[in-house]
Structures are given as structure tokens and as C-alpha cells.
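The values are calculated or read from the model by the stated rules, or taken from the named source; none is laboratory data. Everything numeric here is computed off the predicted structure, so don't read it as measured data. Counting neighbours? That spans all protein chains shown, and the Cβs are built from the backbone with ideal geometry, glycine included.
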Amino acid sequence: MRRAARARIDLSALRHNLRTARRAAPRSRVMAVIKAEAYGHGMVAVARALAAEADAFALSCIDEARVLREAGVMLPLVVLQGFRDAGQLIEAARLGDVQPVIHSAGQLDVLASAALPAPLRVWLKLDTGMHRLGLPPAEAAALQKRVAALPQVAGVPGLMTHLACADEPERPETNAQLQVFDAATADLSGERSIANSAAVLRMPAACRDWVRPGIMLYGASPLVGEQAQSLDLKPVMTVSAPVVAVKRLAAGDAVGYGGSYVCKSPRTMAVVAMGYGDGYPRHAPSGTPVRVRGRRCELMGRVSMDMLCVDVTEVPGVAPGDAVTLWGEGLPVDEIAAAAGTISYELLCNVGGRLRMEYGG
Ligand SMILES: Cc1ncc(COP(=O)(O)O)c(C=O)c1O
């Protein structure tokens, strides 16, 4: 049986948000980050909707590149985790204009010994302080020279790094990372890319030849403590589910597993067909906002696998079949994420592939 919960994706909001990124970084080209099924929004649909707006797409793996090429998406594709073996490199070369990121010495060895049908454009990722993926900045010059000389490589390798703390612009780590990057690459040619969404909006110095916005495209705020709306971002995904039952509860009645919510007074409660099995966060506590008939209501008790309960005492006429908004239009996903102790990225990714997706705009 198909679940009734659905995610409506507003493609015109997506395009609007990309234009917001472009305005914030007017001298940069835009590599739209659409990995992880475009943060749960559906990678192919998002790529098609942005094909005329973005300059390239950033993915995490070569398999995603194949899916996009099969769907007829022809923009350059940058693969942020690069490749694991020569087979993947060969596939990247066959697909055409797929640009792997090289972040480890092991990948360099694989590249140097691969027999490719065509040379590839590549990026070198430098670890300037995040200490996740990346090559030592001190070796940037030697590595770029070595890679550029390989017959498997076309043109001058690009230079990239990723910021660890850009979502909190007052933190000193971001400037420190920029300094490390600039010192290591000052005398080198090749295109540069540093900025994620937060840096696009708050760090012009990080906006180099290419910017890599992700979360902002989907209309969530990349900045701690700042609302998406005030950054001129529009919500792209609106998640809704129907009411399946309405109940009157007396003072003292306990709701749901563990009876963690006890009514202080008589309440009217709506049971909604959405739960953690659909991607709603189980850790969202009582009081988390839910939108019913245009009014903000509150979650009651624990979220179940395929249901959650909402206090609709103040909303007249709620009935089975009414659509309830869990986040999106009129209810920022950032608010739900904060209530559940997580980030919007996780909520958006979690519903991807689980809910019925409907595209419009
Ligand atoms: C290397 C890299 N660049 C850019 C991004 C986009 O970041 P954001 O979604 O915060 O804009 C990501 C996201 O994880 C990333 O891993």
C-alpha cells in the first residue's frame, strides 16, 4: 500500500534560490551540489530543473554521474569523492566531462596507471584544516605539476578545499583555512573552488572561480541563527500527510508510546499518517510545530513509526483527510530540525525516496 504522506517539490523556488546564490557570488560560476539525491529532492528532477541555471553539478560518486548522463543531463559533473578504482575512472572518461576530485595519494596512483579512453579534467582537493578529505597543502605545487603532466589528465587540475565552520561566520577557522589555501596555491594556475552555501552568503573572499552551494538551493538556511527567508531563500520541499483520526481526550489522558505526554486539560487531537519510517525525526519532542489548516499546532507525545499526534484543540473543524504540513511552505524545515536536535540537511535527505514526490513550479 502506498503511504499517503508526500513531498511537494517547488522547482521555481529551487531556481529562485540558485539565482540568490548567483547574486551573492556574481563573479563565480556555480557548481550546484546535488549529491544524496539532491538532498532528498530527487537528483534527476533537480538537475533537469537547474540545467539552464547552473554551470556544473557536484555529486559524490561516479554512479550518480552515469544516472545523470542517462537522463540526458549534459552539464559538467564534478565528483567530490572522486573514484575508488580504475574501472570508475574509465567510466568517468566514457561519460564525458565528468571531473573527479583527487583527495588522496592512493587515488593519484590509480590515475597514473589507468588506461583511459580519453583524458579527464580533474580537481585536487587540499586539506586546509577540516581534516576530513584532502591532500597536504604543502604538496600542492608538486602534486599539481605531477598530475598536469599525466597523459590521463586534460588541462591544468583545479584546486579545491572545503570549509569546516562557515556556518558560523564569526569563527576564526574559516579565515585560517583561506590563508592556508592561498599560501599553498599562490603561484599556481588552475581554477579555484572553496565556498559552500554559508560562505557564498557571508564570505565573499571565499567565492573564487567556482562556488559550490548545496543546502541554500533547497531553501534552508546554511547559517546558524539566521532564517532562510531573511536570506531570500524559498522552501523547495513541503512535506504533508493526512489526518487519519480525530479524538477528544480528557485531562490526565496520556498519549502514545511511553505515555510521555499527559493532557493537562481536555484536548482535541489529530492522528497524522507520518512517522519516523517516513523520515520524520523520532526525536522531535512534544511542542514541535505542525501546520494544520494554516495554523501552527504542536506535536503531542512520541513520534511513532507511521503516525504522529497533534494538538488541534484551537483549530476548528479538523477532520480525517485534512492535509497537515510537517515542514516547508509556512513552516521552515530549520525550525523542525532545531526542535529535533538536528540539521535541515538530515531531515531533507531522510524523506528522499520514502515519500511520494510531486514536482511543480
Ligand atoms: C565538498 C563539498 N562542497 C560543497 C558542499 C555543499 O555544502 P552546503 O550544502 O553546506 O552548501 C558539500 C556538502 O556537503 C561538500 O561536501
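Inspect all residues belonging to the stretch 156-175 and state whether any of them is within 30 Å of VAL236 (Cβ to Cβ), away from the ligand (no atom under 12 Å from the Cβ) and part of a helix (DSSP H, G or I). Step through it out loud before you land on a result.
Of the residues in the stretch 156-175, the ones within 30 Å of VAL236 (Cβ to Cβ) are 158, 160-171, 173-174.
When the remaining residues are screened for being away from the ligand (no atom under 12 Å from the Cβ), the result is 158, 168-171, 173-174.
This time we only want the ones that are part of a helix (DSSP H, G or I), so: 173-174.
Yes, there is a match, as at least one residue in the stretch 156-175 is within 30 Å of VAL236 (Cβ to Cβ), away from the ligand (no atom under 12 Å from the Cβ) and part of a helix (DSSP H, G or I).
Among the residues of the stretch 22-65, those that are under 17 Å from SER12 (Cβ atoms) and either surrounded by fewer than 22 Cβ atoms within 10 Å (Cβ to Cβ) or acidic (Asp, Glu) (or both) comprise ARG22, ARG23, GLY42, ALA45, ARG48, ALA51, ALA52, GLU53. Determine, yes or no, whether GLY252 is part of a loop (DSSP other than H, G, I, E, B) and free of Cβ contacts under 8 Å to residues at least 12 places away in the same chain. Yes, satisfied.
Could you check, for the stretch 117-132, whether at least one of its residues is among the basic types (Lys, Arg), touching a strand residue (DSSP E or B) at 6+ places or on another chain (Cβ under 6 Å) and free of Cβ contacts under 8 Å to residues at least 60 places away in the same chain? Walk me through it before giving the result.
Taking the stretch 117-132 as the starting set, the residues that turn out to be among the basic types (Lys, Arg) are 121, 125, 132.
Pick out the ones that are also touching a strand residue (DSSP E or B) at 6+ places or on another chain (Cβ under 6 Å) and you get 121, 125.
Retained after the next criterion (residues that are free of Cβ contacts under 8 Å to residues at least 60 places away in the same chain): 121, 125.
Looking for residues that are among the basic types (Lys, Arg), touching a strand residue (DSSP E or B) at 6+ places or on another chain (Cβ under 6 Å) and free of Cβ contacts under 8 Å to residues at least 60 places away in the same chain, one finds at least one in the stretch 117-132, hence yes.
Condition first: in a loop (DSSP other than H, G, I, E, B) and either more than 23 Å from the chain's Cα centre (by Cα) or surrounded by fewer than 15 Cβ atoms within 10 Å (Cβ to Cβ) (or both). Now tell me which residues in the stretch 81-96 satisfy that. Answer for the stretch 81-96, where residues must be in a loop (DSSP other than H, G, I, E, B) and either more than 23 Å from the chain's Cα centre (by Cα) or surrounded by fewer than 15 Cβ atoms within 10 Å (Cβ to Cβ) (or both): ARG84, ASP85, GLY96.
The set of residues from the stretch 35-45 being within 16 Å of the ligand (Cβ to nearest atom) and touching a residue at least 40 places away in the same chain (Cβ under 8 Å) comprises LYS35, ALA36, GLU37, ALA38, TYR39, GLY40, HIS41.
As for the stretch 225-237, it holds at least one residue that is within 13 Å of the ligand (Cβ to nearest atom), under 21 Å from the mean Cα position of the chain (by Cα) and assigned to a helix (DSSP H, G or I).
Which residues, counting only those in the stretch 192-213, are surrounded by 18 or more Cβ atoms within 10 Å (Cβ to Cβ) and either at pLDDT below 95 or of a type in the set (D, E, K, R) (or both)? Lay out the reasoning, then the answer.
We begin by selecting, within the stretch 192-213, every residue surrounded by 18 or more Cβ atoms within 10 Å (Cβ to Cβ); these are 192-203, 206-208, 210-213.
Once the filter is applied, which keeps residues that are surrounded by 18 or more Cβ atoms within 10 Å (Cβ to Cβ) and either at pLDDT below 95 or of a type in the set (D, E, K, R) (or both), the stretch 192-213 yields ARG192, ARG202, ARG208, ARG212.
Anything in the stretch 179-191 that is buried (at least 20 other Cβ atoms within 10 Å of the Cβ) and either within 16 Å of the ligand (Cβ to nearest atom) or not assigned by TED's automatic domain parsing to the domain that holds ALA142 (or both)? List them, or say none. Full working, then the answer.
Initial filter on the stretch 179-191 (buried (at least 20 other Cβ atoms within 10 Å of the Cβ)): 181, 184-185.
Within the stretch 179-191, PHE181 is the sole residue that qualifies.
Residues in the stretch 66-76 that are buried (at least 16 other Cβ atoms within 10 Å of the Cβ) and either within 17 Å of the chain's Cα centre (by Cα) or assigned to a loop (DSSP other than H, G, I, E, B) (or both): VAL73, LEU75, PRO76. Out of all the residues in the stretch 106-123, which are of a type in the set (S, T, N, Q) and buried (at least 18 other Cβ atoms within 10 Å of the Cβ)? Of everything in the stretch 106-123, just one residue is of a type in the set (S, T, N, Q) and buried (at least 18 other Cβ atoms within 10 Å of the Cβ), namely GLN107.
Any residue in the stretch 317-332 that is over 24 Å from HIS41 (Cβ atoms), surrounded by 19 or more Cβ atoms within 10 Å (Cβ to Cβ), touching a residue at least 24 places away in the same chain (Cβ under 8 Å) and not charged (D, E, K, R)? Yes, the stretch 317-332 contains a residue that is over 24 Å from HIS41 (Cβ atoms), surrounded by 19 or more Cβ atoms within 10 Å (Cβ to Cβ), touching a residue at least 24 places away in the same chain (Cβ under 8 Å) and not charged (D, E, K, R).
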